[in-house]
1. Of the numbered conditions (1) in a helix (DSSP H, G or I); (2) modelled with pLDDT under 85; (3) within 20 Å of the chain's Cα centre (by Cα), residue 114 fails exactly one; give the number of that condition.
2. Return yes or no: is residue 312 at pLDDT 85 or above, among the charged types (D, E, K, R) and under 26 Å from residue 228 (Cβ atoms)?
3. Take the conditions at pLDDT 90 or above and part of a helix (DSSP H, G or I) and apply them to residue 380. Does it pass?
4. In the stretch 308-338, how many are in contact with a Ser or Thr (Cβ under 7 Å, 6 or more places away or on another chain) and farther than 13 Å from residue 239 by Cα?
5. Could you list all residues from the stretch 252-268 that are closer than 23 Å to residue 203 by Cβ and within 16 Å of the chain's Cα centre (by Cα)?
6. Return the pair list, or none, for Cβ contacts closer than 6 Å from residues in the stretch 200-221 that are more than 16 Å from residue 335 (Cα to Cα) to residues that are exposed (fewer than 11 other Cβ atoms within 10 Å of the Cβ), at least 6 apart or on different chains.
7. Within the group 344, 349, which residue is of a type in the set (Ser, Thr, Tyr) and farther than 29 Å from residue 112 by Cβ?
Amino acid sequence: MSGEPSDRFSKPRRKPRPKTVYRGIEAVWSPVRGAWCWRARKEWTIAGVRVRRVGTLRLTQLLAHQDYLRLGEHTAAVPRHVQTLTQALDLVAAEDREHGLPAATTEAMVRGHGRALLRFFGADYDLAQLDEAAVRRYVTTSLEQGRSPNTIGGHDWTCLRRCCAIIGAHDVVAMLATLRKRLLKSALKRVPPQMAWFTVDEVKAILAAMRRRPVLDAQNHHARIRPEVADADADLVQLLVTTGVRALELGRVTLADVSRGELRIRRAKDRGHPRIIPIGDDLAPIVARLEAQARALAGPTTPREQVPLIHDARNAINRTCRRWQRVLNEPRLSGRALRHSLVTAVIATGGTSGDAMAAAGHRSLRTTERYVHALSSRPAETRRRVASAFGLGGDAAAPAASPPPPAPDQPGAGAAP
């Protein structure tokens, strides 16, 4: 055995890699400090090119995570050849996915409003050449086609501004900001949203028509809808109208959120106000059927946290509503109208605004008051209820009238003995 010292233990032994708590950071061994440090990392994929930025080494995870958030505020450098509207929309969608937004939300917001821009400007439109005259033509044409000024000034404008900002056309972004302030005073004046909802009797009629066999349309003709499809559609509509769940919230509900007779909405619209919906006797068989279908699609070994209660809930709701709009000749039928129907039904059946606010999961009572205004904006219905309460007609039960005396020629018309 040689007497030379072995270098087996000459280097310091590294400790096990620590567990990451925050998102967007990585553990890096620092030979200078002889310890594990934390570093923020942000990556983008632009036109097939991977762009990566990293932060400085930090001793704590919190500081590294703050570096990661700051890196996310700055968009990576975009290649010069990325200038068309289609390429910009792809980059905006990729940026939303990098921030952790669900694919359904990205598809609905970016692709949905980007489709209106693509129809007018074209797929190969150069955003660097966008001027005020072109934007004004888009606003005028969209308004003539019936597009809401709220949608144009809010969603379409935001999508167009993000497309211009992501390609580096900052002068166009400044022009859009100035032009929007002018148009909000004239062409894009905000209008109150038209609230569509159904009364209690209308909901009863819709559910009865969906569960009638054979399925009949508005003209009492046989509709070509399979019974199993009609049953599934009726279950979905009944679930929406009795719980008031939004389509976005329903798409996030998994089998783990259904237990002990309760439906838990963990990730609500604002991600800060979850709520619990009791499952009564009316919804128990429906939820049981939905759980069985979801388990059959996912397989027996998939964890409950990864199995959605309704696969692709947003598109399922849209398909159901469009199908029965044609069959029942009811253009108001939509997921939003069914949610509004729940809130108005709570108020119409004697519930308070607080009850309606809790049922709908509203964050502010001001939002619930819009439904109260929708009910109070029907003077004929209000007057009918008042007359009924006073016993002057309407639905008031008429007092029992004494039977008319029999005619002299009828039996029993004689004098009493």
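1. Unmet for residue 114, out of (1) in a helix (DSSP H, G or I); (2) modelled with pLDDT under 85; (3) within 20 Å of the chain's Cα centre (by Cα): (2).
2. When the stated conditions are applied, residue 312 passes them.
3. Numbers: at pLDDT 90 or above: no; part of a helix (DSSP H, G or I): yes.
Criteria not met by residue 380.
4. Restricting attention to the stretch 308-338, the residues satisfying the condition of being in contact with a Ser or Thr (Cβ under 7 Å, 6 or more places away or on another chain) are 308-309, 321.
Still in the list and also farther than 13 Å from residue 239 by Cα: 308, 321.
The number of residues fulfilling the criteria is 2.
5. Those that are closer than 23 Å to residue 203 by Cβ and within 16 Å of the chain's Cα centre (by Cα): 253, 265.
6. As it stands, the answer is 214/222, since those pairs meet every condition given.
7. Testing whether each residue is of a type in the set (Ser, Thr, Tyr) and farther than 29 Å from residue 112 by Cβ leaves just 349.
Okay, residues lined up against (1) in contact with a helix residue (DSSP H, G or I) (Cβ under 8 Å, 6 or more places away or on another chain); (2) within 19 Å of residue 116 (Cβ to Cβ):
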{"residue": "145", "(1), (2)": "no, yes"}
{"residue": "153", "(1), (2)": "yes, yes"}
{"residue": "156", "(1), (2)": "yes, yes"}
{"residue": "160", "(1), (2)": "yes, yes"}
{"residue": "163", "(1), (2)": "yes, yes"}
{"residue": "171", "(1), (2)": "no, no"}
{"residue": "178", "(1), (2)": "no, no"}
{"residue": "182", "(1), (2)": "no, no"}
{"residue": "188", "(1), (2)": "yes, yes"}
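The values are calculated or read from the model by the stated rules, or taken from the named source; none is laboratory data. Remember, it's a predicted structure, so these values are computed and weren't measured experimentally. No Cβ is skipped: glycine too gets one built from the backbone with ideal geometry, and neighbour counts run over all protein chains shown.
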